[in-house]
1. Only four residue types carry charge here, +1 at the Cβ of Lys and Arg and -1 at the Cβ of Asp and Glu. Report the dipole size of the chain about the Cα centre in Debye, rounded to the nearest 20.
2. Given the DSSP H assignment, sum -39500 (n - 2.57) over each helix run of at least 4 residues in the chain and divide by its residue total; what's the result at 222 nm in deg cm²/dmol, nearest 500?
3. Ranked highest first by the average count of other Cβ atoms within 10 Å around their residues, in what order do 105-113, 10-18 fall?
4. Using Cβ contacts closer than 10 Å as the measure, can you line up Leu54, Leu104 from fewest to most?
5. Among Arg93, Arg68, what is the fewest-to-most ranking by other Cβ atoms within 10 Å?
6. So, with +1 on the Cβ of K and R and -1 on the Cβ of D and E, and no other charges, what is the size of the charge dipole of segment 5-48 about its Cα centre, to the nearest 20 debye?
7. Placing +1 at every Lys and Arg Cβ and -1 at every Asp and Glu Cβ, with all other atoms neutral, what dipole size does segment 28-118 have around its Cα centre, in debye to the nearest 20?
8. Which of the peptides 94-102, 154-162 is most tightly packed, and how do the rest follow, judged by the mean count of other Cβ atoms within 10 Å per residue?
Amino acid sequence: MTEAPKHHIVYGTLRDFITGEELPDTDDERFRQKIAKFLVENKGYDKQDITPRLRICTEFSGKKVCSRIDFLVKVNGISFMVIRYGPGSIVTRQRSAIAAAKVLNPEYQIPIAVATNGEDAAVMDVFTGKVIGEGFEAIPSKDEATKILKNFKKMTLDEKKRERELRILNAYDVDMCSLYRAKPPGC
């Protein structure tokens, strides 16, 4: 079982909707499970299309950070969307979600990034950095994703740009890690 960060109230355990894994039952995990169910039940993704709990680990200026990617959504084997959850304002999470989508897959940038607090969502075009939709209903369905991917051209980042995006991800998430006396896993 995955260990809960020390700053969370743990109500017991719950079963992960996607994997069936036993997880600590926290308020944050309840939101993540709600998002996973929404993707399957409302947006038409199969559980096999969704990979939960990925990490991107970075170290800059002596600060090691493992950033959480709550969900990677694939369509026909192509990484299509990254979803990052965090409580509070989603505006403050938008740039780090874009950075994660740019670097998670070393072969190409993932075209869609979503920042969410579990109650609202911002859907972003990774290539332009612009918000293209707001709210959970704006998250592309599997059918919409299939149409988007018909015109998708895989684009990689050169090493300099990739490092810049990793630095952005590190900077956004290092502050979260420094907020807690008992550091969450990955901090």
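Bear in mind these aren't lab numbers, they're just calculated from the coordinates by the rules spelled out. Everything quoted here is computed from the prediction, not taken from an experiment. Every residue, glycine among them, receives a Cβ derived from its backbone with ideal geometry; neighbour counts consider all protein chains shown.
1. With Lys and Arg at +1 and Asp and Glu at -1, about 580 debye.
2. That comes out to -9000 deg cm²/dmol.
3. Sorting 105-113, 10-18 by mean packing, highest first, produces 105-113, 10-18.
4. Leu54, Leu104
5. So the ranking, lowest neighbour count to highest, is Arg68, Arg93.
6. Computed charge dipole of segment 5-48: roughly 140 debye.
7. 260
8. 94-102, 154-162
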